[in-house]
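Okay, so here's the structure we're looking at.
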Amino acid sequence: MDNLTHTLTGLLLSRAGLNRFTPRPGLVLILAANVPDMDGASLLGGALTYLHYHRWYTHSIAMAPLMAILPVLIACAVERSLKAWKSAYLLSLIGVASHLLLDWTNVYGIRLLLPFSSQWLHLDTTSLVDLWIWAILLTAFLGPALGRLVSSEIGAKPGTGRGMAVLALLLLLAYDCGRFLLHQRVIAMMENRVYAGQPPRVVAAFPAGAGNPATWTGWVRTDDRSIRLPINVLQPFDPEAGIPFYDPQPSEAIQAARSTPVFEQFSTFVLYPVWRATPVAEPEGATRVDLSDWRLGFTASALVDKMGQVHQSEFHF
């Protein structure tokens, strides 16, 4: 998820009652809810380096206890005291866990099982940015401030915001559970259909945007094509409404592109590949080979001449 979502989740966890156990609980939880994304520094090494290291060890269960140390050290430095550091560490673990759980729900995925397995785990139930989640968390964040303003006008005692924080976290859980059930329904709809006379080999579904939970984008893999399908769970499903992407014929150009370090590394990330081989004018007889990850639009490209030599290869978001 985006860092605004992680930050607000950490803050609301503090307000919900975890702020009673250690000095500066809000600081600890906000930092902990974001600390796994310190791997974003890998972007300095370029897009492909970022792809390799993003949601890597910093996002694994095995590393969570180590990741939880840094927020505690920062909070103790700010406080200039080691008082209640054990409680702060437990809060930090909760914050890190919230980050991992939220990232697990979205389409990018997360490698929770490193170093024992590099498998990408993903529920595909939320987008990287979800406006409904923002609305829930921002309402709970801003509500107490508005309440204090009203209370100061009428002379009443202002609230702590604890009740609203608890409610927001419960709504967030209910929202994610609801999206999971919708996702399962969409998958079932696609699995029980035939596409151009062929049964589906693989099906997947992704949120079609950040606004409407009823709309999804389906992905179906048959023997010779991939199909992109618009789906609205409130409307009848039409398996003929999809856009097909046909597999290119095997060629020396594709094989040459596959063997480049860029394609080899990108292939470890791609779960729903779309290959394209397009003739280009320069150099004469050359072919541009593209491999895209259908979920996110990330693409690796290579220019291969008629002799099967790769002139250049690159990756871009």
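The values are calculated or read from the model by the stated rules, or taken from the named source; none is laboratory data. Note that this is a predicted model, so its numbers are computed, not measured. All Cβ positions, even for glycine, are placed from backbone atoms using ideal geometry, and neighbour counts span all protein chains on display.
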Can you work out which of the residues in segment 1-25 that are surrounded by fewer than 17 Cβ atoms within 10 Å (Cβ to Cβ) and assigned to a helix (DSSP H, G or I) is modelled with the lowest pLDDT? Arg20
Starting from segment 159-180, take each residue that is in contact (Cβ under 8 Å) with a residue 60 or more places away in the chain and list its partners that are among the basic types (Lys, Arg) and surrounded by 14 or more Cβ atoms within 10 Å (Cβ to Cβ), counting only C-beta distances under 7 angstrom and pairs at least six apart or across chains. Gly161/Arg15; Arg162/Arg15; Ala165/Arg15
Ala75 being at pLDDT 90 or above and either assigned by TED's automatic domain parsing to the domain that holds Leu142 or surrounded by 15 or more Cβ atoms within 10 Å (Cβ to Cβ) (or both): yes
What are the residues in segment 275-317 that are β-branched (Val, Ile, Thr) and either closer than 16 Å to Gln265 by Cβ or within 30 Å of the chain's Cα centre (by Cα) (or both), if any? Val289, Thr299, Val310
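Tell me the residue from Arg276, Arg258 that is in contact with a strand residue (DSSP E or B) (Cβ under 6 Å, 6 or more places away or on another chain) and surrounded by fewer than 18 Cβ atoms within 10 Å (Cβ to Cβ), please.
Arg276
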Evaluation of Ala277 against (1) at pLDDT 90 or above; (2) within 27 Å of His54 (Cα to Cα); (3) not β-branched (Val, Ile, Thr) (one fails), failing number: (2)
Inspect all residues belonging to segment 84-95 and state whether any of them is modelled with pLDDT under 90, aliphatic (A, V, I, L, M) and surrounded by 17 or more Cβ atoms within 10 Å (Cβ to Cβ). yes
Would you mind listing the helices (runs of 4 or more DSSP H) fully within segment 54-149 where at least 2 residues are within 21 Å of Leu43 (Cα to Cα)? 85-105
Here are some conditions: (1) in contact with a strand residue (DSSP E or B) (Cβ under 6 Å, 6 or more places away or on another chain); (2) at pLDDT 95 or above; (3) not aliphatic (A, V, I, L, M). Arg55 meets all but one. Which one does it not meet? (2)
